[in-house]
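Notes to accompany the following structure.
The values are calculated or read from the model by the stated rules, or taken from the named source; none is laboratory data. Quick caveat, the model's predicted, so the values are computed rather than measured. Note that each Cβ is placed from the backbone with ideal geometry, even for glycine, and that neighbours are counted across all protein chains shown. Each accessible area value is taken on the protein alone, full model and side chains, heavy atoms only, with ligands, DNA and RNA left out. Shrake-Rupley method; radii C 1.70, N 1.55, O 1.52, S 1.80 Å.
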Amino acid sequence: MTVGFLDRLQNPVLSKDLRTRMRGAKAFVVQGVYVGVLVVMIGLSYLMWWLVHRAGVSPLIISSDVGRRFYLLIFMTQAALVALITPALIAGAITLEHEQRTYELLACTRLVPRTIVAGKLLSGWLFVVMLLTCSLPMAALCLMFGGVSVPEIFWSYFMLCLFALFFGSMAVLCSSLLKRSALAVVLTYAAVFSYLITTVVIQAFASQASPWGAVGALNPFVFIFYSTEPLSFFSFSIPGWLPGVVLLPLASVLFLNWAMERLPHFTVNRAFAIRGLFALLVVVLTVLAVSHNAPGYLIPSSYQFLASAVIPGSTALLLAALLLATGNAPNHRPHSLLGWMVSGLHPRRIFSNELRGGWVYMILLAGLFAGALLTNATVGTSAATGSTSGAGLPLPAAVAKPGGSLALAAADAWHIFALIGAVLLCYSGLGALGAALRSRTVGIVLILALFVLSHLVPGAVWIAYNSSGASGGEPIHYSLYLAPYVGLSAICHPSLYNGLPFVLAPPAPPIWAVTAITYLLLAMVGFGLAEILYQTRRKNIAKPQVSPQEGAQAGA
Amino acid sequence: MLTIEHLRKDYGNLTAVKDLSLHLEKGDVYGFIGPNGAGKTTTIKVCATLLEPTQGKVYVEGFDVTKKTNEVRGMIGYMPDFFGVYDDIMVWEYLDFFAAAYKIPRERRQTIIDDVLELTDLTGKRDIYVEALSRGMKQRLCLAKTLLHDPKVLLLDEPASGLDPRARVEIKELLKELKTMGKTILVSSHILPELADFCNKIGIIEQGELIVSGDVGEIMRKVQGGKGLQITLLADVEKAVALLSQLPKVKSVEQDNLCVCVQFSTDEVENSEVLQLLIKNGLQVQSFSETQVDLEDIFMKVTRGVVS
Ligand SMILES: Nc1ncnc2c1ncn2[C@@H]1O[C@H](COP(=O)(O)OP(=O)(O)OP(=O)(O)O)[C@@H](O)[C@H]1O
Ligand SMILES: [Mg+2]
């Protein structure tokens, strides 16, 4: 009876899952298949290489060549296996308990969500780590051939473990959000693959010089190629593993907190952690995204900048508003919805799960995003002026010296803040409207509708204009002003829309200003309508349906 | 110990439980009876912190189940009507897992597990895989799990459903034993005689409403409207019937072979006086007893609308 070690983990879920996971043939079959796939890949590769190089080249070069080849092959395969196996292992963790009808018994114990979520994640993760160690002999083989260093192999393993943790957290989240294992597994695979593809695409757009950059370092397949190469962080250089080591655990903890909050039959409020971590993630990711450029490029070009940081970042922010700017109307039915949203704004409430703090949080996010973009201007300026010592000049200095070649001047950051802030505020208004109409879900639907419309319609109009060769200037063409990305790209690349019939002629304010004002007006309409609707329906909101007769009985 | 106040639970437009109130003292065994879909499971799940009530409050030892969830979970033992077990786990490991989940210190777990295994008669199955147990044994294992943390209140949702008669009797014996241990028990069933032996209170629920609730004897009186006596004689049954019919407050006298059943309209009848009357008149009384409450009868009468 091996109670001792497992029990010392102090997590009954983890020790039980570890114990049962290794029982029976399943574990050995998975292990066998894992090693088998690696062996077959290496064998085939060796065969191919041998067939091609039979003619004979200098044996010294050949050896290190083989080593490098094997190393890449082993770790590419393992990265793929980690991305495939982790969701399958973990996504069913909680849904399976529903399906086996064991979950209620588990929920009725004195376990807290943290223990359950951590136990489920770690039992799967440790299994993946165990699988990874199975490939150690093969990795050692690469070392023998040469062409690859010990640190390279170490960091590759280390990062694969972190990626397993990251994917595993996504899986636990899906598992606690959904009721069916099949759905949870599919959703996790969708999330994992969109993550892998997005990071590659952003990296590809961001830098023509090299696929190696901060965003690339967050992709396991890219990382393996450059595992020990330093990254350029503005004009400094940081180890390539740093972005992953910082961001992957941060994102994992965010997902795990969310999973805890949504775990059925438990009521814990992790909103503070969720909103706080999300804000932190926005800052770190944006700074990393604007900092990355291949060595030799001090400042990324406007296009790169746009593609790598501004557009993806703002899109992610706008989508986050779906969850973070919405909420339900309060149960106690105060006299005014807006009054309630403005009053009692304790700092903690900004990070709560209520509708109340949402709009302040939205403005805060816009500020953090623009501020993080601004680091490009500050640190970039200090680098350009030669004062690379320390962390760069303080902000006022950057405002004073917007170097002509900078992709983003300090003033531009303010414009981005105004634009994104206005859009987020408008989404907040829609969230309030949804709450007044019915619930958080309605708010989410309203925001999603506006998001899709404002992103698709201008694009469609643009394409139609290009293919038809029409003269433009029709009212529909001004829908361009609705698209946040148009305003953003005009800020980053001022000449982009010059002289087009889509935009108002020069005496008119710049695109970002028109867009921001439009969204602010929309926000006011949203909040105003929400208040009016709330007033007319106040009596019914969140009021349980009790017939008068029953009400009288209950009162008696 | 367990207080339910004006509980209401809606599923969309369907009201599963309507304005249900009840109160259980320490040591009470409450039989919760009702046909399928009456709302028994819904009520029990609310008590077990697994469902949010739409309205009303439930307190366990004064703790609100929706607010002090973790404390309440430590005080109740819940056995669902349907449940599953984990794969690849042995009986003792299963219990050890739950014991740990209930924060029982490691040193005490082994003895507690042995105790509950003994109580549920599963000692021999200690090292058997859980999925290999029969249905009845799984049911008992679940009960064993429910007892691990020595809960004060037991919420048992149809603990004997799907069992063969023998296993039913065994579960019943087990419940009686728990009763003597002084636990407060809320047990649901749609089979009445199952509960008759050991419940001191019952409630009958139909379509979400508690139609009758209270002391078993009280309810019987409410339904039957008075005391019933069952007398067996050696001979002269007709004479006995005539005598008994003349007693005050007699509702009916029925004769069945050598047996006479008397039904009074009140409870204030001294058994000894009746017996004396018979003996004085030279009748040979072989047995003399109060009629047993037949829950099935109550149930049929109540749900037919005799009492409402
Ligand atoms: N999750 C649910 N969603 C919608 N309706 C439900 C749900 N659970 C129960 N109900 C409904 O609530 C009512 C009460 O159900 P409940 O399970 O409490 O009955 P019960 O008394 O336990 O019945 P049984 O004897 O069959 O176990 C039923 O009409 C049922 O259809
Ligand atoms: Mg039921």
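Numbers for the structure displayed
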item: The one condition in (1) open to solvent by less than 10 Å² (accessible area, probe 1.4 Å); (2) more than 29 Å from the chain's Cα centre (by Cα); (3) not acidic (Asp, Glu) that residue A:37 fails to fulfil; result: (1)
item: Top-ranked residue of segment B:151-165 - restricted to ones that are in contact (Cβ under 8 Å) with a residue 24 or more places away in the chain and not hydrophobic (A, V, I, L, M, F, W, C), ranked as nearest to residue B:23 (Cα to Cα); result: B:152
item: Subset of segment A:142-151 that is assigned to a helix (DSSP H, G or I) and farther than 16 Å from residue A:77 by Cα - its residue that is most open to solvent (accessible area, probe 1.4 Å); result: A:144
item: Cross-chain or 6+ apart pairs with Cβ under 7 Å, segment B:93-111 first and within 7 Å of chain A (Cβ to nearest Cβ), then of a type in the set (Ser, Thr, Tyr); result: B:98/A:109; B:101/A:109; B:102/A:109
item: Residue within segment A:232-254 that is more than 14 Å from the chain's Cα centre (by Cα), at pLDDT 85 or above and within 28 Å of residue A:357 (Cβ to Cβ) present; result: no
item: Answer residue from segment A:91-114, given it is more than 11 Å from chain B (Cβ to nearest Cβ) and in a helix (DSSP H, G or I) and is least open to solvent (accessible area, probe 1.4 Å) among those; result: A:95
item: Residue list for segment B:35-61, filter: away from ligand 2 (no atom under 13 Å from the Cβ) and open to solvent by 30 Å² or more (accessible area, probe 1.4 Å); result: B:52, B:54, B:55, B:56, B:57, B:59, B:61
item: Matching residues in segment B:179-210 - criterion: being at pLDDT 85 or above and either buried (at least 22 other Cβ atoms within 10 Å of the Cβ) or not assigned by TED's automatic domain parsing to the domain that holds residue B:161 (or both); result: B:184, B:185, B:186, B:187, B:188, B:199, B:202, B:203, B:204, B:205, B:208, B:210
item: Strands (runs of 3 or more DSSP E) completely within segment B:22-79 that count 3 or more residues being in contact with a Ser or Thr (Cβ under 8 Å, 6 or more places away or on another chain), away from ligand 1 (no atom under 15 Å from the Cβ) and at the interface with chain A (Cβ under 9 Å from one of its Cβ atoms); result: none
item: Residue B:64 vs. criteria without any contact (Cβ under 8 Å) to a residue 12 or more places away in the chain, away from ligand 2 (no atom under 16 Å from the Cβ) and open to solvent by less than 20 Å² (accessible area, probe 1.4 Å); result: yes
item: Complete set of residues in segment B:67-91 that are touching a residue at least 24 places away in the same chain (Cβ under 8 Å) and within 24 Å of the chain's Cα centre (by Cα); result: B:73, B:74, B:75, B:76, B:77, B:78, B:79, B:80, B:81, B:83
item: Test for residue B:130: is it over 26 Å from the mean Cα position of the chain (by Cα) and either open to solvent by less than 10 Å² (accessible area, probe 1.4 Å) or within 27 Å of residue B:208 (Cα to Cα) (or both); result: yes
item: Subset of segment B:1-15 that is more than 21 Å from the chain's Cα centre (by Cα) and in a strand (DSSP E or B) - its residue that is farthest from ligand 1 (Cβ to nearest atom); result: B:6
item: Looking only at segment B:69-113, and only at residues there that are closer than 24 Å to residue B:187 by Cα and among the polar types (S, T, N, Q), the one that is most open to solvent (accessible area, probe 1.4 Å); result: B:70
